[in-house]
Amino acid sequence: GQNIDQPTEMTATEGAIVQINCTYQTSGFNGLFWYQQHAGEAPTFLSYNVLDGLEEKGRFSSFLSRSKGYSYLLLKELQMKDSASYLCVVRAGNNRKLIWGLGTSLAVNP
Amino acid sequence: SQTIHQWPATLVQPVGSPLSLECTVEGTSNPNLYWYRQAAGRGLQLLFYSVGIGQISSEVPQNLSASRPQDRQFILSSKKLLLSDSGFYLCAWRDLDRAGANVLTFGAGSRLTVL
């Protein structure tokens, strides 16, 4: 079957660094996405990894290890506006369907 | 630049009533369009996708239907709503220009409550 696991909730302090982990078990792999979703709003694209390694984009970085079925999203210099749900999404299978994780709700405290 | 509009933003409907949610895209032609539903405690569920006018693929058999009467218009409908249809409905289009990433850009969403 297809499965994505990520923690349900995390809490961090403003200015700190937080790492949100994602593990996946899928038949085939064609890329991994991270989306950010603020409460009551639509998801917005953050990052994309298809090869192993780290992709850095400003305060956000995303890492992928295909052999381990593992990714993480790293958020640096946390701001209050980073309080949101972070969705791990894998494109898998011959038909390249998207499999969505349930999201990690991150609360940034002052 | 491309923009995606979705309405209505919120609606409360009685069980058995019809539904119509509309989505339009601007600034692109022949987009791939999607309808997703996000229910409480569940991941995003793909309902329908369309690669062109009149071309609809259904991912989940249910009492919902979709239509694409124009290139940039995608409509989600139901003749008779069920309680289980409550959720956050999201229209999206696939950006094929983002270096092969095929990123989805979502509309603002329509929150449906069926009572």
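Laboratory data are not the source of any read-out in this text; all were calculated from the coordinates shown. Every value quoted in this text rests on a predicted model; they were computed, and no experiment measured them. Methodologically, a virtual Cβ is constructed for each residue, glycine included, from the backbone with ideal geometry; neighbour enumeration extends over all protein chains shown.
So here's what we get for this one:
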| item | result |
| --- | --- |
| Within region A:22-50, considering residues that are β-branched (Val, Ile, Thr) and within 14 Å of chain B (Cβ to nearest Cβ), the one nearest to A:Met10 (Cα to Cα) | A:Thr44 |
| Residue count, region B:26-43 (criterion: away from every other protein chain (no Cβ under 14 Å) and either among the hydroxyl-bearing types (Ser, Thr, Tyr) or within 24 Å of A:Gly40 (Cα to Cα) (or both)) | 4 |
| Matching residues, region B:44-89, being free of Cβ contacts under 8 Å to residues at least 24 places away in the same chain, part of a strand (DSSP E or B) and within 14 Å of chain A (Cβ to nearest Cβ) | B:Gln45, B:Leu46, B:Tyr49, B:Val51, B:Ser57, B:Ser58 |
| Checklist (1) in contact with a Lys or Arg (Cβ under 9 Å, 6 or more places away or on another chain); (2) of a type in the set (S, T, N, Q); (3) away from chain B (no Cβ under 12 Å) applied to A:Asn94, failing item | (1) |
| Whichever residue in region A:51-91 is surrounded by fewer than 17 Cβ atoms within 10 Å (Cβ to Cβ) and of a type in the set (A, V, I, L, M, F, W, C) and, among such residues, is nearest to the other protein chains (Cβ to nearest Cβ) | A:Leu51 |
| Leading residue by the ranking (nearest to the chain's Cα centre (by Cα)) among those in region A:14-50 that are within 17 Å of A:Ser105 (Cβ to Cβ), without any contact (Cβ under 8 Å) to a residue 24 or more places away in the chain and surrounded by 13 or more Cβ atoms within 10 Å (Cβ to Cβ) | A:Thr44 |
